[in-house]
Amino acid sequence: MMSLKIIQLIVLGATFGCCWGQKTEMSKYGRYIGDLARDVSGQVYAVSDEVLFIKGFVYGGTGPDAFFWTGNSSRPSPIQGTIIPYPADYQGKEPPVLGRYDNKDVLLKLPLGVKVRDLRWLSVWCRRFAVDFGSVLFPADLDPPKPRILSEFKRLAHGLRSGSVTILDAKTIYIPNLHYDGAAPDAFFWVGSGTEPNAQGIKVPNELGDFNVLRGYQGEDIEIQLPGDLTVHDISWLSLWCIRFKENFGHVMIPKDLDVPPALGQNQLTPAWWYQPTTKSPSEVDSTDATAGGGQGHEFDSCIQLLNGRMQVQWEAILEGVIIRLSARMDENEYMSFGISGAEGKTQMIGADVTVAYYNSDDNKFYADDYILNAKAQCDGSNGACPDSRIGGRNDVSMLYGQRVNGVTTVAYQRSLDAKEAKFDQVIPPVGRVNVIAAIGPLNSRKEANYHSTDRTGSQEDHRIDFTSRGVNQCPTLLAPEDKSEAHGPLPSPTTSTENAIQPWKPNVIFGKTELRARIGPTGGKRGYTAITGQPSWGLAWYINDLLIPEIYVERGETYTFLVEGGNDPLNSARWHPLYITDSLQGGYGQKTDAQQREQRVFAGVEFDPSGFPFPTAAGSLCEWKHKTVDKWAESETFEDYTKTLILECESGREQPANLTWTVPLDAPKTLYYQCYTHNSLGWKINVEDRGFQPPVPQSAASSPIGSRFSLLAVLLLPLSVLFL
């Protein structure tokens, strides 16, 4: 994550630095500064305003107290100067003395608050004897490469939106406030060349560094790294793209005049060693797991114990942020919280900025949520122990991984040093200690923290942490369960019971209706479209009379009218869904070859121009059911439950729906399909019956948003106006 200060500096650079790169030629190592002289050698470059690079550093290692030393005086000085620790990941409280280096490439990350543009020299300096072994002076007009702020993602489908995308360096792209519903079956970050996104692209790993299908995002700040030797200079756009269905859900164009920092590893704000590609639930881990008790991922070198040894907090500072890992002995229905005290210099719950972490057994996932404690009570929607996102803020912590083993829950997350939202967040000082608080307590029915915890830091306790310190280890061993933890019961074993398996929703049915309104919406994950039809889906499906892909019963010789509101923008295929009726299980007539089109029979919704080219006739304005947050299919046992997680959005000032009027031919086959002209697999069955057909008892009345579970007798007693949906 980037701090507000960094973003402000970038904005200033974008405003006043329109001529980046004109003062000094840019190389693949950054802006050239000069060569080190005297007893050391190496070419020095400004990679960015926070990072220097020395190509081919040579030093004999003779100084007993020598460091990289920098400052803004006219020349190297024992009074005015700052150590640049090298290597940056040193162990212990003091930076190591420089040893011997023979043609070594050195990446120097400046201390927090120190900027290249403010410096005048770099030296290899012996502190004990005040000797300059060699140095280089910085040019007065040095203009380091800067990140480049672009536009936000274009909003095309699946609720995709973001803040302004920033190119941090030639391989690193920062995406703030990312929203995406996670409903597409084959979606990835995707880059390539050309005037717009296309199928000739390249997958980009997600923020965890893997190539899993993209999950849903709810306003998260992430960064992604271009794979292999690919850089931003090789691409024209970044897209969120569905490979299987060749659909662009939104994109941002990448300009060619980028004078951004080179990619030398300096901008890995969340390095790959923090991540494990999967998050383990209790049923997936046993006591022999190598990561049990909090050993997953990187070994932290700073740790303190809180709450009488029941909780451990480990941390390590990164650029403009800190990674925190919490481990606690707690039940599955409990949370652990940790954060900055509400008062400077003492322990105080009121006003505290904390992260609440827990395991949710309902969905087998781990969570880290940003909270503000503004009253001694449960959150009432405005006051209490409230998630920031519930009272007008946002979740400014990024969940990294979690696991639960033998009664010990471990969650790792990242947060910024700065206050991302002044009303809700507190600053972690870059230098010095700050008071912290912690608690363990029960979760309420909303999966939120109750204020009155069973175990918390008291007013007499004084726990203070310097989050930029190293080697502070007050944890002699990794947290282990207490002997009494067996009272919590054995870990659940993996189950194959159909009781706990994902159950598909019962199919919806429509009969006795001659006017049908067709809109689009999400497919319902593993409970919806694919489970019902056995066909793959690209994340959108037809909703007929606001039911997900119902089977429609029609009678031969009867006339039916479809009011189509699937979108009428031929330039944006994600918002163009003409409806037509066909005998094809797959649909997608407009994307088929001539030979493939001849293999299916069209009954309505497609006509041909004088040259014989097909065109759709039922493309109306757009009305779409969208997720309020991310796709909640896994938590929705019925379609009725699912509809409560959706919201209908229609184009303002939209045109009238398109009318598709169809008289069912007397010789129509038994089974037809309502489909999308431009995409495969959006629709489902039309059951064609003779006149006088007696409709079946609707087995899935509960699948309707207005339905509930009825007995057969209750269904038979329903008025016809309700029964015939």
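The values are calculated or read from the model by the stated rules, or taken from the named source; none is laboratory data. Treat the numbers as computed from the prediction; the structure is a model and nothing was measured. Positions of Cβ are generated from backbone atoms using ideal geometry, with glycine treated the same way; all protein chains shown enter the neighbour counts. What goes into the accessible areas is simple: the full protein's heavy atoms, side chains included, and nothing from ligands, DNA or RNA. Shrake-Rupley method; radii C 1.70, N 1.55, O 1.52, S 1.80 Å.
Can you tell me which residue is nearest to CYS623 (Cα to Cα) among those in the stretch 520-550 that are part of a helix (DSSP H, G or I) and open to solvent by 10 Å² or more (accessible area, probe 1.4 Å)? Ranking the candidates gives GLY525 first. Before we move on, is VAL354 touching a residue at least 12 places away in the same chain (Cβ under 8 Å) and farther than 30 Å from LEU110 by Cβ? Considered against the rule, which asks whether it is touching a residue at least 12 places away in the same chain (Cβ under 8 Å) and farther than 30 Å from LEU110 by Cβ, VAL354 comes out as yes. Taken over the stretch 117-137, residues that are closer than 18 Å to TYR29 by Cβ and out of contact with any Phe, Trp or Tyr (no Cβ under 8 Å at 6 or more places or on another chain) amount to 1.
Inspect all residues belonging to the stretch 99-108 and state whether any of them is surrounded by 15 or more Cβ atoms within 10 Å (Cβ to Cβ) and part of a loop (DSSP other than H, G, I, E, B). No. Scanning the stretch 32-58 for residues that are crowded, with 17+ Cβ neighbours inside 10 Å, touching a Phe, Trp or Tyr at 6+ places or on another chain (Cβ under 9 Å) and among the charged types (D, E, K, R) yields a single hit, LYS55.
Scanning the stretch 576-626 for residues that are surrounded by 18 or more Cβ atoms within 10 Å (Cβ to Cβ) and aliphatic (A, V, I, L, M), we see that the one that is nearest to the chain's Cα centre (by Cα) is LEU622. Counted as qualifying within the stretch 638-725 are the helices (runs of 4 or more DSSP H) with 3 or more residues that are modelled with pLDDT of 95 or more, namely 639-643.
Of note, LYS484 satisfies the criterion of being assigned to a helix (DSSP H, G or I) and either at pLDDT below 70 or surrounded by 13 or more Cβ atoms within 10 Å (Cβ to Cβ) (or both).
Is one or more of the residues making up the stretch 586-600 at positive phi and in contact with a Cys (Cβ under 6 Å, 6 or more places away or on another chain)? Within the stretch 586-600, one or more residues are at positive phi and in contact with a Cys (Cβ under 6 Å, 6 or more places away or on another chain).
Residues that are in contact (Cβ under 8 Å) with a residue 60 or more places away in the chain and under 22 Å from ARG575 (Cβ atoms) were ranked within the stretch 627-642; the one that is surrounded by the most Cβ atoms within 10 Å (Cβ to Cβ) is ASP631.
Taking strands (runs of 3 or more DSSP E) that do not extend beyond the stretch 143-236, which have at least 1 residues that are touching a residue at least 60 places away in the same chain (Cβ under 8 Å)?
172-180, 187-192, 217-225
Determine if the stretch 506-519 includes at least one residue that is among the charged types (D, E, K, R) and part of a loop (DSSP other than H, G, I, E, B). Looking through the stretch 506-519, at least one residue is among the charged types (D, E, K, R) and part of a loop (DSSP other than H, G, I, E, B). Going through (1) without any contact (Cβ under 8 Å) to a residue 24 or more places away in the chain; (2) farther than 29 Å from SER302 by Cβ one by one, ASP89 falls short only on (2).
Annotation: ASP631 fulfils all but one of (1) farther than 28 Å from PRO504 by Cα; (2) assigned to a loop (DSSP other than H, G, I, E, B); the unmet one is (1). Selection of the stretch 331-387 for residues being on the phi > 0 side of the Ramachandran plot and open to solvent by 50 Å² or more (accessible area, probe 1.4 Å) yields GLY345, ASN364.
The conditions of being open to solvent by 10 Å² or more (accessible area, probe 1.4 Å), in a strand (DSSP E or B) and touching a strand residue (DSSP E or B) at 6+ places or on another chain (Cβ under 6 Å) are met by TYR553.
Cβ-Cβ distances below 8 Å connect the following pairs, each with a first residue in the stretch 243-255 that is under 14 Å from GLY159 (Cα atoms), a second residue that is among the polar types (S, T, N, Q) and part of a strand (DSSP E or B), and a separation of six or more residues or different chains: ASN248/SER239; PHE249/SER239; GLY250/SER239; HIS251/SER239. Residues in the stretch 202-247 that are more than 17 Å from VAL191 (Cβ to Cβ) and at pLDDT below 90: LEU208, ASN212, GLN218, GLY219, GLU220, ASP221, ARG244, PHE245.
For every residue, the table says whether it meets (1) of a type outside the set (Val, Ile, Thr); (2) under 14 Å from TYR180 (Cβ atoms).
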| site | (1), (2) |
| --- | --- |
| THR195 | no, no |
| ALA199 | yes, no |
| LEU208 | yes, no |
| PHE211 | yes, no |
| LEU214 | yes, yes |
| ASP234 | yes, no |
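Being closer than 14 Å to ASP169 by Cβ and either in a loop (DSSP other than H, G, I, E, B) or in contact (Cβ under 8 Å) with a residue 40 or more places away in the chain (or both) is the filter here; which residues of the stretch 29-51 pass it?
TYR29, GLY30, ARG31, ALA46, VAL47, SER48, ASP49, GLU50, VAL51 - these are the residues of the stretch 29-51 that are closer than 14 Å to ASP169 by Cβ and either in a loop (DSSP other than H, G, I, E, B) or in contact (Cβ under 8 Å) with a residue 40 or more places away in the chain (or both).
Please specify each residue of the stretch 93-121 satisfying the condition of being touching a residue at least 40 places away in the same chain (Cβ under 8 Å) and charged (D, E, K, R). Don't jump to the end; show me each part of the working.
Just the residues of the stretch 93-121 that are touching a residue at least 40 places away in the same chain (Cβ under 8 Å), to begin with: 93, 100-110, 112-121.
LYS93, ARG100, ASP102, LYS104, ASP105, LYS109, LYS115, ARG117, ASP118, ARG120 - these are the residues of the stretch 93-121 that are touching a residue at least 40 places away in the same chain (Cβ under 8 Å) and charged (D, E, K, R).
For the residues VAL427, VAL431, VAL411, the requirement of being in a loop (DSSP other than H, G, I, E, B) and modelled with pLDDT of 85 or more singles out VAL427. Restricting attention to the stretch 424-444, the residues that are open to solvent by 10 Å² or more (accessible area, probe 1.4 Å) and either small (Gly, Ala, Ser) or in contact with a Pro (Cβ under 8 Å, 6 or more places away or on another chain) (or both) total 1. The single condition from (1) at pLDDT 90 or above; (2) open to solvent by 50 Å² or more (accessible area, probe 1.4 Å); (3) among the hydrophobic types (A, V, I, L, M, F, W, C) that ILE79 fails is (1).
Would you confirm, using the coordinates I've provided, whether VAL472 is modelled with pLDDT of 90 or more, open to solvent by less than 50 Å² (accessible area, probe 1.4 Å) and over 16 Å from CYS386 (Cβ atoms)? When the stated conditions are applied, VAL472 does not pass them.
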